[in-house]
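The values are calculated or read from the model by the stated rules, or taken from the named source; none is laboratory data. Note that this is a predicted model, so its numbers are computed, not measured. Heads up, the Cβs are rebuilt from the backbone with ideal geometry, glycines too, and the neighbour counts pull from every protein chain shown.
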Amino acid sequence: MGTDIHCFVEQKMYRYAGLDDTETWISIDKWTRSRWAILYPERNEEAPWVVEREDMIFKDRNYDLFAILANIRNPDQMPFISEPRGLPDDVSPEIRLQMKYGEYHSTTWFTAKEILEYDWNQVFEFEDETMDGKVYMDTVNYMECSRAFLDVVNRLVGRREPSELRLIITFDC
């Protein structure tokens, strides 16, 4: 058994038309009606709408990336962006509900701007050991281990303002 990442995406939207300039984070994930919630509503065990794992924007199991993003599975103490921040207070209601029913831990979030501005040109060296006990120096190249994730973030941003996209990231075991 291992640790998996679950990545949700929100976009900041504004209410105009002379009403006010209120900003709201809106989930832009692909939501599906939960078959479990429809078939067994009396159990109240799952959110009525869910983002299925196969529909998440990023789902690769990459422990070096998990360590960099949120200090998850980080036995070698690699420098990381931040400790898990929890859910933002203004998270979209759909994501809050899925988090309530899921078995997640170490939830955090970042704007796309924070992700893109992070120094991914780092190389971390650490001491490791072979199965027969020989000690050697190993390295983690941040750019190489995060390439797939950064490609996803860059595609999401496209022509949007990176500070108006937010990734809600959580893990399970």
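Details
Residue-wise test of (1) part of a loop (DSSP other than H, G, I, E, B); (2) of a type in the set (D, E, K, R); (3) closer than 16 Å to Ile5 by Cα.
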{"site": "Lys30", "(1), (2), (3)": "yes, yes, no"}
{"site": "Ala67", "(1), (2), (3)": "no, no, yes"}
{"site": "Arg73", "(1), (2), (3)": "yes, yes, yes"}
{"site": "Asp128", "(1), (2), (3)": "no, yes, no"}
{"site": "Met131", "(1), (2), (3)": "yes, no, no"}
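- Considering residues of the stretch 33-54 that are under 24 Å from the mean Cα position of the chain (by Cα) and over 16 Å from Glu103 (Cβ atoms) only, the residue modelled with the highest pLDDT: Glu54
- Restricting attention to the stretch 138-166, the residues that are among the hydroxyl-bearing types (Ser, Thr, Tyr) and free of Cβ contacts under 8 Å to residues at least 24 places away in the same chain total 1.
- Filter result for Glu129 (among the acidic types (Asp, Glu) and touching a residue at least 24 places away in the same chain (Cβ under 8 Å)): no
- Qualifying residues in the stretch 138-173 (those that are buried (at least 17 other Cβ atoms within 10 Å of the Cβ) and among the polar types (S, T, N, Q)) - the one farthest from Gln11 (Cα to Cα): Ser146
- Meets criteria (buried (at least 17 other Cβ atoms within 10 Å of the Cβ), farther than 16 Å from Phe80 by Cα and without any contact (Cβ under 8 Å) to a residue 60 or more places away in the chain) for Val135: no
- Total residues in the stretch 73-107, condition closer than 21 Å to Arg160 by Cβ, of a type outside the set (D, E, K, R) and touching a Ser or Thr at 6+ places or on another chain (Cβ under 8 Å): 2
- One residue stands out among those in the stretch 1-52 that are exposed (fewer than 10 other Cβ atoms within 10 Å of the Cβ) and touching a residue at least 24 places away in the same chain (Cβ under 8 Å): the one that is farthest from Glu164 (Cα to Cα), which is Met1.
- Residue in the stretch 114-124 that is more than 18 Å from Glu144 (Cα to Cα) and crowded, with 18+ Cβ neighbours inside 10 Å present: no
- For the stretch 98-116, taking the residues that are hydrophobic (A, V, I, L, M, F, W, C) and free of Cβ contacts under 8 Å to residues at least 60 places away in the same chain, the one that is nearest to Arg43 (Cα to Cα) is identified as Phe110.
- When residues of the stretch 95-112 are limited to those that are part of a helix (DSSP H, G or I) and surrounded by fewer than 17 Cβ atoms within 10 Å (Cβ to Cβ), the one nearest to the chain's Cα centre (by Cα): Arg96
- When the stretch 119-173 is filtered for residues that are of a type in the set (Lys, Arg) and more than 21 Å from Ile26 (Cα to Cα), the ones remaining, listed by number, are Lys134, Arg147.
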